[in-house]
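Visitor: Mind having a look at this structure? Questions to follow.
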Amino acid sequence: MASLMQSLKNSIPSWLTGRRLVIGLPYAWFLILAFLPVLIVLKISLSEMQTTAVSGMVSWQGTWPSIKLDVSSYLFLASDELYLATYLSSISYAFYTTLICLGLGYPFAYFMARAPKRWQALLVMLIMLPFWTSFLLRIYAWKTLLVNNGLINNALLALGWIDSPIEMLNTPFSLMIGMVYSYLPFMILPLYANLSKLDGRYLEAAADLGCHPFKTFWLITVPLSKAGIVAGCMLVFIPAVGEYVIPELLGGPNTLMIGRVLWDEFFSNNDWPMASAVTIVMLLLIMLPLAIYNKLQSKGHA
Amino acid sequence: MNSTALKWFGRSWMLLVYAFLFLPIFTLVAYSFNDSQLVTVWSHASLRWYKALMQDSDLIAAVMLSLKIAFLSALVSVFFGLFSAFALHRYRRFTGRGVLSSLASTPLVMPDVIVGLSLLLMLVSVQQALGYPERGLFTILLGHALLGTAYATVVVRSRLTEMDSKLEEAAMDLGCRPWQVFSLVTLPLLMPALLSAFLLTFTLSFDDVVLSSFLSGPGYSTMPMVIFSRARLGLNPSINALATVTIVVVTLVVIASTLYSLRQDRQRKRDIAQAQQE
């Protein structure tokens, strides 16, 4: 047994230390599955579409590769106003989603952090609980609620507040409901994590010095929770820009979202270079928020 | 506004947000017992849609495939997540640490369509070069495992951060080799975090529709893919029945795992108290 262990040990090359293995394994995993694919998308976005396949950008002539770049997808993207309009409307939907989530979530997280300590674990679990139920099914449930003869319209009719059903499904309104609904927990949790660590002595000091509670809130609580606000906003905004499922199920045919365009270019038009170009431009758009988010992430663990 | 008014304002605000978050879930459950063919009209209570669900062989096959993929992807995610969390926590200085940290956290926020498309285009390039892998279970698994690893890294890493490093140091002082410290001390202490990472990544995989749609091949439809294609066409009451079944199962598992980790916690505190007495 001992000799077996010894021979096993000897068969491991000397450069492969435990440290290298522990670092190298996840490194390789993420480089291959998260980084390399983006390079390939970049490559394909610069190739031209042929009838059957994407033409290779690099062709081997003798020993040297010859590279040809085809920027036609990007030129088309820039010339067609529909794409520009879609990018702008995706960003504005994501922006309003973030804003509403912050407006709903900040007071919520604030009161949650000030609730009695023994209740807080339960309150957090109740925020996480819907998250464990399929996101797709919850979005689907909103369809049942918002449809013309659905629960909400029926309730409003029964109360006599409206005379005829309001057209809610497949409008920007239903899209916003779905977006805010799905992303609200991602806003609340980082805000709560931040606010629950807030040092109560600052607030006491402000009160002792005769500061009005509202002023204390704006001058002390909000600035101290800046990191939580930024983290929550990034966690909502970045994925919201590229959202596909919610606009597809709750948005109407006129709600333009870039995730849908990408999907259609790929699945309906089979235009891989175009889908790749749409992706690369979307990546450039979320680059700045992504950098802020990554910086916060690494700071949080430092 | 005085403090009582503020308190009541806070309570009602929280209640409204919880109502907003739980309303769709209650609707799904309530309407699953509705006999009417029209999803939105209540006739009377029945188990009709549960019977329909049991005879729906397409959907059942999809559920089975999803369970299989979710189980495997959770295993792979926890494995790589453990490594990447450990590397980032233990080794403070190595070339490209920042890059690894960003790579591990980017899939958390990256829109699904981008992850799905880019992963698919890479796998197609690999397939053109090597003739492998065929699109299907394996490719879906890779996509889910990538996303899952990112989540598992966060869960395990936050546990490592709050963990007491004195125990590991003590084991080292007592002459344990690094891998012994890891397997005898670190790993058992990480168990609750690994369990919650497993549950989380399982759920993520079981829930995913976008990555699966990009990465799947003919004959491989996961449960969310089937639900999505039906939901696009309109409303379908047997989806409500399926939702209720998953909600019940998930709630039971969440409650059980919460109780388990609470018990582990109490046990640990008792052990510590006892050790201090001795």
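The values are calculated or read from the model by the stated rules, or taken from the named source; none is laboratory data. Not measured: the values here are computed from a predicted model. Here Cβ is always computed from backbone atoms with ideal geometry, including for glycine, and neighbour counts include all displayed protein chains.
Visitor: Taking the range B:222-245 as the search range and keeping residues that are touching a residue at least 24 places away in the same chain (Cβ under 8 Å) and in contact with a Phe, Trp or Tyr (Cβ under 6 Å, 6 or more places away or on another chain), which one is nearest to the other protein chains (Cβ to nearest Cβ)?
Guide: Filtering the range B:222-245 for residues that are touching a residue at least 24 places away in the same chain (Cβ under 8 Å) and in contact with a Phe, Trp or Tyr (Cβ under 6 Å, 6 or more places away or on another chain), the one nearest to the other protein chains (Cβ to nearest Cβ) comes out as B:ASN240.
Visitor: So which of B:VAL99, B:VAL115, B:VAL109 ends up being facing another protein chain (nearest Cβ under 7 Å) and within 24 Å of A:LYS295 (Cα to Cα)?
Guide: Unique residue meeting the criteria: B:VAL109.
Visitor: For the structure I just gave you, tell me whether A:TYR110 is more than 10 Å from chain B (Cβ to nearest Cβ) and more than 30 Å from B:ASN240 (Cα to Cα).
Guide: no
Visitor: If I ask for residues that are among the hydroxyl-bearing types (Ser, Thr, Tyr) and more than 17 Å from the chain's Cα centre (by Cα), which ones from the range B:54-72 would you list?
Guide: B:SER57
Visitor: Here is a follow-up. Those residues that are more than 10 Å from every other protein chain (Cβ to nearest Cβ) and out of contact with any helix residue (DSSP H, G or I) (no Cβ under 8 Å at 6 or more places or on another chain), I need them from the range A:123-162; list them, please.
Guide: Listed by number, the residues that qualify are A:ALA155, A:LEU156, A:LEU157, A:ALA158, A:LEU159, A:GLY160, A:TRP161.
Visitor: Right, here's the next one. If B:ALA256 passes every condition in (1) in contact (Cβ under 8 Å) with a residue 12 or more places away in the chain; (2) among the small types (Gly, Ala, Ser); (3) assigned to a helix (DSSP H, G or I) but one, which one does it miss?
Guide: Condition not satisfied by B:ALA256: (1).
Visitor: When the residues of the range B:172-216 are narrowed to those that are among the aromatic types (Phe, Trp, Tyr) and within 12 Å of chain A (Cβ to nearest Cβ), which ends up farthest from the chain's Cα centre (by Cα)?
Guide: Ranking the candidates gives B:TRP179 first.
Visitor: Answer yes if at least one residue in the range A:36-48 is modelled with pLDDT under 85, of a type outside the set (A, V, I, L, M, F, W, C), in a loop (DSSP other than H, G, I, E, B) and not assigned by TED's automatic domain parsing to the domain that holds A:LEU283, and no otherwise.
Guide: yes
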